[in-house]
Amino acid sequence: MRRSLSLFAMVLALAVGGCGNVVMSDAPLIGAESGAAVLRPGVWINADAECSGAEPPTDRSGCSQPVFVVAGGVVTLNPPETPSFQPIRLSAGRPIVAQAEVHGDRLTGRALDDFARVQQGKTAVGPADRPFFVYLLLEPEARDDQGRIVALRSAFLACGPDPRDADQSVRPLPGLRADEEGHNCLAVDQAGLMTAARYTVRHRAKPGMDHYRWLRNLSPAEAAIVAEISPPSPNR
């Protein structure tokens, strides 16, 4: 079967690296909001993956690459011996927007090239550069009895209509502006972000969205990995 990248690995692998028409920002636009949506902590996978839940974190046979959802973000294993923490924040209200913090060069995609090599097991992620932020629409498909999201579909926030030709610049919605190369766009406030989110709800085809689901709680070994790499929860 095709090995699927996780939702948050896709942010790094696709957002700048040739995808185009993606909303970004140079400063965070989503903070620790009251009433923000919550993903259930634990192991998350692509919803189409064939996983029993018993696979160890280093096992990639027959199972999509999992991520460990924790307070404030996710821990990815790229490759298994190189865990890394990626900060993620979710917005309150509807539609739900996820803000992923990425370290690298927003225009050149240098960090994204490094990450593609990491996916192939050829190198480890290098030193962090300045952060930028990439935004995705999250549509919950199921919640647990505490209201936490346990299944969802996602798509990158669109700047506006897809260009007809790869050489054409994006045509940003009000509240957004094209980036320096015209392939993606920048939001400067939450109003522009929500405009893009509502547009994405209407115009990005649901059959083409990626599906993800909570699989299980962390094992003791996985919890030890998380404890070493992720920052402490603000509630501790």
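Readers should treat all values here as calculations from the given coordinates under stated rules, not as data from a laboratory. Note that the structure is predicted; figures quoted are calculated from it, not measured. Positions of Cβ are generated from backbone atoms using ideal geometry, with glycine treated the same way; all protein chains shown enter the neighbour counts.
Values computed for the structure shown
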item	result
Two-site FRET efficiency, Glu180 against Ala32, from Cβ-Cβ distance with R₀ of 35 Å, rounded to 0.05	0.70
Likely footprinting exposure, Trp214, Trp44, fewest C-beta neighbours within 10 Å first	Trp214, Trp44
Label-point separation in nm, Arg202 to Ala71, each point 7 Å along Cα→Cβ	4.0 nm
Residues Glu141, Glu101, Glu222, sorted so that the one with the fewest Cβ neighbours within 10 Å comes first	Glu141, Glu101, Glu222
Gain in span if fully extended, Gln190 to Ala224, counting 0.36 nm per residue against the direct Cα distance	8.6 nm
For Leu39, distant residues with modelled amide H under 5 Å away	Ile149
Net charge, Gly42 excluded, C-beta distance under 11 Å - Lys, Arg +1, Asp, Glu -1	+2
